[in-house]
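None of the figures in this text is laboratory data; all of them are computed from the coordinates on show. This is a predicted model, so every value here is computed, not measured. Glycine also receives a Cβ, built like all others from the backbone with ideal geometry; neighbour counts cover every protein chain displayed.
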Amino acid sequence: MDIRFDGKRALVTGAGKGIGRDTAILLSKCGAEVFALSRTKADLDSLKAEVPKIKTICVDLADVEATTVAVNNCGDIDLLVNNAAVAILEPFLEVTKDIFDKLMNVNVWSIIQISQIVAKGMVERGLGGAIVNVSSQASLVGLTNHTVYCATKAAVDSLTKTMALELGPKNIRVNSVNPTVTNTAMGKVGWSKPEKADPMKRRIPLGRFAEVDEVVHVILFLLSGKSSMVSGTCLPIDGAMSSSGI
Ligand code: NAP
């Protein structure tokens, strides 16, 4: 199956590392003009060195005004990947308002804010578009010490369905992907020690964590015309963990 995005303009958030970075690179290889937004300049500089035609944008999504300016400066966007998120782990009894606000702002509000700007442009141009929100298995199952992170990802799933409902009549498809632990910098937060990783792998019927390209390929499929009747879906990429009932 050949997926091409020639003539399409794509924006990927959190594109400095991990899933976002490889999504930006593959979108570019598949012909899209890619805007890669992230927070750490060194990551964006190395991305630019690796794929010079990718346009990089250094902004912290916690800065609402700077985010608005940065996204408006991208111009028309046909494909949006809301990937950036932060994971800060705390036991439920120690959850603080400060961490709740930080995670909600980046993991949820930035999706609303950026999608509003991008989708308004899509509606004005009348050509439709596709949005993929990167959620998590954390929206589907409880994970120890992940209270706020899980809550933000459940919010992302809910947002995905509502956005799909309201934007569908404008031919804008909205889906989420819900990966299990994926081998990235974030994946190592909480899951690098064997005493944590091994019991989690035992909960995954396929018996392992995901590789980055196993997530990226699904994102590209959902952005592409090959999934033209798929919208409002929250798609687990979890080796059947969320179906296992374990
Ligand atoms: P990662 O390796 O930590 O990369 C996240 C990227 O997002 C980094 O480039 C980071 O920049 C950027 N970012 C974070 N906060 C930002 C902000 N406020 N403004 C701008 N950029 C920001 O994470 P990942 O594992 O690729 O995760 C990507 C997505 O997959 C996230 O939505 C995550 O929740 C989801 N996910 C991950 C896993 C997993 O196990 N890895 C599992 C399920 C779902 P800095 O490094 O500069 O902060």
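Some observations on this one:
- Hits in the range 1-14 - residues which are within 15 Å of the ligand (Cβ to nearest atom) and part of a strand (DSSP E or B): LEU11, VAL12, THR13
- Pick from the range 123-145, criterion within 16 Å of the ligand (Cβ to nearest atom) and among the hydrophobic types (A, V, I, L, M, F, W, C), ranking: nearest to PRO91 (Cα to Cα): LEU143
- Within the range 15-52, the set of residues being outside any loop (DSSP other than H, G, I, E, B), within 7 Å of the ligand (Cβ to nearest atom) and more than 17 Å from ASN73 (Cβ to Cβ) comprises GLY18, ILE19, GLY20, ARG21, ASP43.
- Listed by first and then second residue, the pairs with beta-carbon distance under 7 Å, at least 6 apart or on different chains, first residue in the range 206-219 and surrounded by fewer than 22 Cβ atoms within 10 Å (Cβ to Cβ), second in a helix (DSSP H, G or I), are GLY207/LYS201; ARG208/LYS201; PHE209/GLY187; PHE209/LYS201; VAL212/GLY18; VAL212/ILE19; VAL212/ASP22; ASP213/ASP22.
- The range 53-101, residues that are more than 15 Å from the ligand (Cβ to nearest atom) and of a type in the set (Val, Ile, Thr): ILE77, VAL95, THR96
- All conditions in (1) surrounded by fewer than 20 Cβ atoms within 10 Å (Cβ to Cβ); (2) in contact (Cβ under 8 Å) with a residue 60 or more places away in the chain; (3) under 22 Å from LEU89 (Cα atoms) hold for PRO199, with the sole exception of (2).
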